[in-house]
Amino acid sequence: MLHDTISNALNEQIGLEGQSSHTYLTMAVWAETQGFDGVAEFLYAHSEEERQHMLKLMRFVNERGGVAQVPTVQAGATDYVGLKEVFESILAHETKVTECINNVVDLCLQAKDYTTHNFMQWYVSEQIEEEALARKILDKLALAGDDHGAMYLFDRDIVTFGAADQA
Ligand code: OFO
């Protein structure tokens with residue numbers, strides 16, 4: 001049975017993962033309508049990944065005797081100056097998600113809930129990859145600069161950037 005503190009923290013995390021999925025979806029629509037088809041594909045796939053992160057938490061809460069809350073998501077930004085702004089905001093968002101996950105882990109230790117602590121380790125590792133991927137993409141965007149040819153290649157290749165990490 002989940003302690004109330006842990007159940008509430010996990011439900012907050014469910015909300016955040018749902019918000020992540022929604023945010024990536026909004027960004028995907030922006031990218032697709034700006035002609036960045038590769039970036040859009042990357043973001044649609046990432047939105048789906050975030051939904052899976054949310055569902056994994058929901059199923060865990062329900063299995064452990066809690067009740068998962070289906071989150072209400074907020075409308076986010078629908079317009080961006082460019083790809084740099086999109087990925088800077090992704091990095092800022094993922095950094096915040098990492099902090100929240102670390103807080104859940106901390107609460108688990110305080111409550112001596114080692115089962116949830118163990119479950120959360122998957123999210124701890126996932127966040128290392130997510131932040132690293134956002135930084136890698138920002139580095140590549142900086143290399144491409146204002147060169148249209150380089151941006152064309154960036155858009156074509158972005159779907160492969162996280163492939164090695166996810167293998
Ligand atoms: Fe769920 O990893 Fe990003 O937010």
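Just so it is clear, none of the values below were taken in a lab; they were calculated from the coordinates. This is a predicted model, so every value here is computed, not measured. Please note: Cβ atoms are built from the backbone with ideal geometry, for glycine as well, and neighbour counts cover all protein chains shown.
The table that follows gives values for the structure above.
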| read-out | value |
| --- | --- |
| For region 5-81, size of Cβ-based charge dipole, Lys and Arg +1, Asp and Glu -1, in debye | 400 debye |
| Distance histogram in 5 Å bins (all Cα pairs of the chain, percent per bin) | 1, 9, 17, 21, 17, 13, 10, 6, 4, 2, 1, 0 |
| Quotient of Cα Rg and 2.2 N^0.38 Å for region 73-167, N being how many residues it contains | 1.35 |
| Rg/Rh (Cα only; Kirkwood hydrodynamic radius) as it applies to region 22-89 | 1.10 |
| Label-to-label distance, nm, for residues given as A132 and V70 (7 Å Cα→Cβ offset) | 3.6 nm |
| Rough spin-label spacing in nm, given labels placed 7 Å along Cα→Cβ, for T33 and N103 | 3.2 nm |
| Vicinal HN-Hα couplings computed from phi for region 121-136 (Karplus, 6.51 cos²θ - 1.76 cosθ + 1.60; Hz; Gly/Pro x) | 4, 4, 5, 4, 5, 4, 5, 4, 5, 5, 5, 4, 5, 4, 5, 4 |
| Dipole magnitude of the chain, debye to nearest 20 (Cβ charges: Lys/Arg +1, Asp/Glu -1, about Cα centre) | 460 debye |
| Footprinting exposure proxy for D113, D106, D146 (fewest neighbouring C-beta atoms within 10 Å first) | D146, D106, D113 |
| The chain: most fluctuating residue of H148, H117, H22 per GNM, C-alpha cutoff 10 Å | H148 |
| Coil-residue trypsin sites (Lys or Arg not before Pro) of region 74-167, DSSP, other Cβ within 10 Å capped at 10 | K112 |
| Cα-based Lys proximity count in the chain, under 20 Å, for pairs eight or more positions apart or on separate chains | 5 |
| Farthest toward positive dipole pole in the chain [+1 Lys/Arg, -1 Asp/Glu at C-beta], among M54, I6, H22 | I6 |
| Angle in degrees between helix 83-110 and the longest Cα principal axis of the chain, rounded to the nearest 10 | 10 degrees |
| Phi-based couplings in Hz for region 46-60 (Karplus 6.51, -1.76, 1.60; Gly and Pro marked x) | 5, 4, 5, 4, 5, 4, 5, 4, 5, 5, 4, 5, 4, 5, 5 |
| Selection from Q69, F42, A111, by position along the positive dipole direction of the chain (Cβ) | A111 |
| Helix 4-33 vs. the chain, principal-axis angle (Cα, 0 to 90°, nearest 10) | 10 degrees |
